[in-house]
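Here is the structure we will look at.
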Ligand code: NDP
């Protein structure tokens, strides 16, 4: 059995505001021999997610914070290269919480085998992974989108938003995307097929939003919070549902900004705001994966993966790209052999 030295990103220091070079530490660890029921995974792609900013905060949340000195938590897709677990044989491609490391030892907890004939490995971290499931359950179970609804989606060119808008179209809604800059808005309309796309950085954003949804929006799928949430609250239809998926605009803030000044729009429009966490739908993952796969095969859903090269060393830069909006689709870090 060969000895493997894993290259890993450890949490070095909890950042104040935006993570910087002091936040992370690159380390090498010689992995111990496998015990019974363990297997060794070589990570091929590592998922890079806005939620990571929350996981390194020392604050109670839906999941324990990453400890100082611990390997940074991350979902990843990799290949089993050694195994003492019959359920995870050598050669199997797997998805699991393997961390920001090139090699990981697992016992198979919350690990699933994936089929790269259905879709390439990065897509199993995007449209067929956690972001796709988030879009699917957020719309069907929380937003309860139905034909004829007007659906508004923020961070529309990102991993969750790009799939949410396309699922909204498949469910018969008129879909409006919000994204940063003309290039992203063009992509959201022409490649993803949204009905409208509005640039929130444009000075006329509020006016444009009202113009494309004169009767208000029935469902707002909120990925960003902040001023865009306020704009959405000003444009609700009667009985609207706001799906609180995330609030990336606030993730680097040390003091959470005050809630939306205009939240009384919820009263006026008899509307609701509901938060959800995709982990609560884990037991229904197969249903969502099957449905999204069908939509991809029918050409209804276009899966976009934004692959960052450079291996483990490039993790800090890949995470920064989410906050500076450099991505089209799902950010994954490619790990060379
Ligand atoms: P994205 O791929 O959408 O990347 C983040 C995008 O957010 C950027 O591309 C950028 O796009 C936009 N953005 C960044 N800063 C701001 C800002 N200040 N104001 C407006 N937009 C901003 O990430 P994901 O799809 O992975 O995640 C989207 C959201 O979904 C996040 O809030 C995440 O935490 C949440 N999430 C929630 C889950 C749940 O279970 N509830 C599960 C998974 C994700 P642009 O250039 O358009 O600004």
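Numerical summary
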quantity	calculated
Complete set of residues in the range 164-184 that are more than 9 Å from the ligand (Cβ to nearest atom), more than 17 Å from residue 276 (Cβ to Cβ) and assigned to a helix (DSSP H, G or I)	165, 166, 169, 170, 182, 183
Residue satisfying all of: in the range 313-337; under 21 Å from residue 8 (Cβ atoms) and near the ligand (Cβ under 8 Å from one of its atoms); farthest from the chain's Cα centre (by Cα) among these	321
Whichever residue in the range 199-227 is farther than 21 Å from residue 50 by Cβ, without any contact (Cβ under 8 Å) to a residue 40 or more places away in the chain and not in a helix (DSSP H, G or I) and, among such residues, is nearest to the ligand (Cβ to nearest atom)	202
Strands (runs of 3 or more DSSP E) fully within the range 73-135 counting 3 or more residues that are in contact with a strand residue (DSSP E or B) (Cβ under 7 Å, 6 or more places away or on another chain) and within 26 Å of residue 158 (Cα to Cα)	76-83, 93-96
Residue that is nearest to the ligand (Cβ to nearest atom) [pool: residues in the range 228-262 that are assigned to a loop (DSSP other than H, G, I, E, B) and touching a residue at least 60 places away in the same chain (Cβ under 8 Å)]	246
Members of the range 136-163 that are free of Cβ contacts under 8 Å to residues at least 60 places away in the same chain and not in a loop (DSSP other than H, G, I, E, B)	140
Residues of the range 16-50 classified as within 16 Å of the ligand (Cβ to nearest atom) and either assigned to a strand (DSSP E or B) or farther than 20 Å from residue 78 by Cβ (or both), total	7
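Every number here is computed from the coordinates shown, using simple stated rules; none is lab data. Remember, predicted model here, so these are calculated numbers, not experimental data. Positions of Cβ are backbone-derived with ideal geometry, glycine not excepted, and every protein chain shown enters the neighbour counts.
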